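Read the structure below first, then the notes.
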Amino acid sequence: RSLLAGFPVCPKVSAEFAAPRHCLFRWYREQRPAAGGEAAAGGDSPGWVEAAAAERVFTPSNALVGLRLKLRCTPGDGAQRYGPPREVESSGPVEAGPGACTFDPRHLYTKKVCGEGAVRAVSYNILADTYAQTEFSRTVLYPYCAPYALELDYRQNLLKKELVGYNADLVCLQEVDKSVFVDSLTPALEAFGLEGLFKIKEKQHEGLATFYRRDKFSLLSQHDIAFSEALLSDPLHKELSDKLAKYPLVQEKVLQRSSVLQVLVLQSTTDPSRKICVANTHLYWHPKGGNIRLIQIAVALSHIKHVARDLYPSIPVIFCGDFNSTPSSGTYSFINGGGIAEDHEDWVSNGEEERCNMPLSHPFKLLSACGEPAYTNYVGGFHGCLDYIFIDKNALEVEQVIPLPSHEEVTTHQALPSVSHPSDHIALVCDLKWK
């Protein structure tokens, strides 16, 4: 529905006995009405002119503003057999884009996919439509954001252009609506060489998505969990579960949450001895929920340990996500330092009656690859660093961190999201290499 000049249009293709990569695509643009205002020959229907594009993804130029587009797809298979073509016309015309976006300067650092032995990782909370489109969001959370810029179609245009321009090998996203994953992100990123997996949070209708570059990695195995379910039923967490049982109020809160963890084991396509464990999560959001987040991250780290130590002995870990925890929090110091004391103040983050003191530890040496930026989330009433890409510092090192947008860029339209930025968070992007 929403087509913007300068932004890629990525059709969703489903076919039987055919594959998108073997299909033929032809794009057309409407003919501009003649100067005399006469309709094109053939009555009222517009004439279509072939646009110079025969790829699945088409980026309309400024010259096409005001014109509708048409796509003709001829389904094909690997044996060069073709079926009857189908056509789809856009319901509205191409519109002018928003001008400069916050991610444009960042793309200057990511023009090409990074080379052998290096991995470009992205972690990004993309703001679920479920939360962006409520009356509360429009009036209380993001009153400074133009209503059209909160609409899903508009934000998806920006998001796809932003993600495609990072040329990443690994993309870990949070707050992904199921329909956004299926209808928007998968077709767009697939066209640019990325394969995606989705894990839903049952109660929220949104979840996590992790994409990996097909020609760099193949998927060996998947080990997703829901924290509450893992605590209840996986013997791996029995010790923690027993400790938690002594604090019924906290236990109940932890078990009510629908937070999930996505874990993939990937293998390098060029060097099969090289495997990597990629984890992605979104922890509980409440400002006073520090104790809940500590329990969640303890479950996450012991599950990752099971995968990256027991199932695949000593493979490196990349752990991305929206941890809803600033660098001064217990959760951050636990991840970073390998342990947390039972008298840490975060155990009483929600007052005495929800105190749950327990010492915790994990065996990893993790480092925040992008450091501790001033903020990764910038809304009207709050800004802070909540998102991280943690890496195994024994096995990986940081080659470059793609600079975040400047404070001027972030605040051009007061705060995020805005007409030039699709989320209330900022993507973290860095290049890593094996030691």
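The values are calculated or read from the model by the stated rules, or taken from the named source; none is laboratory data. Nothing here was measured: the structure is a model prediction, and the numbers come from that model. We place every Cβ from the backbone using ideal geometry, glycine too, and count neighbours over all the protein chains shown. Keep in mind that these areas ignore ligands, DNA and RNA; they rest on the heavy atoms of the full protein, side chains included. Shrake-Rupley method; radii C 1.70, N 1.55, O 1.52, S 1.80 Å.
The table below lists the values:
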item: Segment 50-67 residues that are part of a helix (DSSP H, G or I), paired with ones that are at pLDDT 95 or above and surrounded by 20 or more Cβ atoms within 10 Å (Cβ to Cβ) (beta carbon under 8 Å, 6 or more apart); result: 64/29; 64/94
item: Criterion violated by residue 389 - all others in (1) assigned to a loop (DSSP other than H, G, I, E, B); (2) open to solvent by less than 30 Å² (accessible area, probe 1.4 Å); (3) of a type outside the set (Asp, Glu) satisfied; result: (1)
item: Test: residue in segment 344-356 that is assigned to a loop (DSSP other than H, G, I, E, B) and aliphatic (A, V, I, L, M); result: no
item: Output for segment 69-91, where each listed residue is open to solvent by 60 Å² or more (accessible area, probe 1.4 Å) and either of a type in the set (Asp, Glu) or on the phi > 0 side of the Ramachandran plot (or both); result: 80, 87, 89
item: Some residue of segment 201-209 being closer than 14 Å to residue 121 by Cα and either open to solvent by 20 Å² or more (accessible area, probe 1.4 Å) or in contact with a helix residue (DSSP H, G or I) (Cβ under 6 Å, 6 or more places away or on another chain) (or both); result: yes
item: Options 260, 250; residue that is in the same structural domain as residue 358 (by the TED database), more than 22 Å from residue 319 (Cβ to Cβ) and open to solvent by less than 20 Å² (accessible area, probe 1.4 Å); result: 250
item: Cross-chain or 6+ apart pairs with Cβ under 9 Å, segment 282-297 first and within 15 Å of residue 175 (Cα to Cα), then part of a helix (DSSP H, G or I) and open to solvent by 30 Å² or more (accessible area, probe 1.4 Å); result: 284/253
item: Pairs where the first residue, in segment 1-27, is in contact (Cβ under 8 Å) with a residue 12 or more places away in the chain and the second is assigned to a loop (DSSP other than H, G, I, E, B) and of a type in the set (Asp, Glu), C-beta under 8 Å, 6+ apart; result: 2/151; 17/77; 18/77; 19/77; 22/77; 25/55
item: Sole exception among (1) closer than 27 Å to residue 383 by Cα; (2) surrounded by fewer than 21 Cβ atoms within 10 Å (Cβ to Cβ); (3) at pLDDT 95 or above; (4) of a type in the set (Gly, Ala, Ser) for residue 118, by number; result: (1)
item: Given (1) open to solvent by less than 50 Å² (accessible area, probe 1.4 Å); (2) of a type outside the set (A, V, I, L, M, F, W, C); (3) within 28 Å of residue 380 (Cα to Cα), index of the condition residue 213 fails; result: (3)
item: Hits in segment 158-175 (condition: under 24 Å from residue 59 (Cα atoms) and either modelled with pLDDT under 95 or open to solvent by less than 10 Å² (accessible area, probe 1.4 Å) (or both)); result: 158, 159, 162, 163, 166, 168, 169, 170, 171, 173
item: Hey, residue 155 at negative phi and open to solvent by less than 10 Å² (accessible area, probe 1.4 Å) or not; result: yes
item: Qualifying residue in segment 354-377 (condition: aromatic (Phe, Trp, Tyr) and without any contact (Cβ under 8 Å) to a residue 24 or more places away in the chain); result: no
item: Sole exception among (1) over 16 Å from residue 167 (Cβ atoms); (2) in the same structural domain as residue 212 (by the TED database) for residue 124, by number; result: (1)
item: Number of the exception - residue 334 against (1) of a type outside the set (Ser, Thr, Tyr); (2) in contact with a helix residue (DSSP H, G or I) (Cβ under 8 Å, 6 or more places away or on another chain); (3) open to solvent by 50 Å² or more (accessible area, probe 1.4 Å); result: (3)
item: Residue selected from segment 121-142 under the condition among the hydroxyl-bearing types (Ser, Thr, Tyr) and under 16 Å from the mean Cα position of the chain (by Cα), by the criterion modelled with the lowest pLDDT; result: 130
item: Residue 135 over 30 Å from residue 379 (Cβ atoms) and either of a type in the set (A, V, I, L, M) or surrounded by fewer than 16 Cβ atoms within 10 Å (Cβ to Cβ) (or both); result: no
item: Count - residues of segment 303-326 that are over 13 Å from residue 283 (Cβ atoms) and either open to solvent by 40 Å² or more (accessible area, probe 1.4 Å) or outside the structural domain of residue 426 (by the TED database) (or both); result: 8
item: Output for segment 342-391, where each listed residue is within 18 Å of the chain's Cα centre (by Cα) and hydrophobic (A, V, I, L, M, F, W, C); result: 369, 370, 385, 386, 389, 390, 391
item: Of all residues making up segment 92-108, the number that are crowded, with 17+ Cβ neighbours inside 10 Å, in a loop (DSSP other than H, G, I, E, B) and of a type outside the set (S, T, N, Q); result: 4
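One line per residue, one yes/no per condition, for (1) crowded, with 16+ Cβ neighbours inside 10 Å; (2) modelled with pLDDT of 95 or more; (3) within 30 Å of residue 427 (Cβ to Cβ):
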| position | (1), (2), (3) |
| --- | --- |
| 4 | yes, yes, yes |
| 20 | yes, no, yes |
| 25 | yes, yes, yes |
| 36 | no, no, no |
| 48 | yes, yes, no |
| 67 | yes, yes, no |
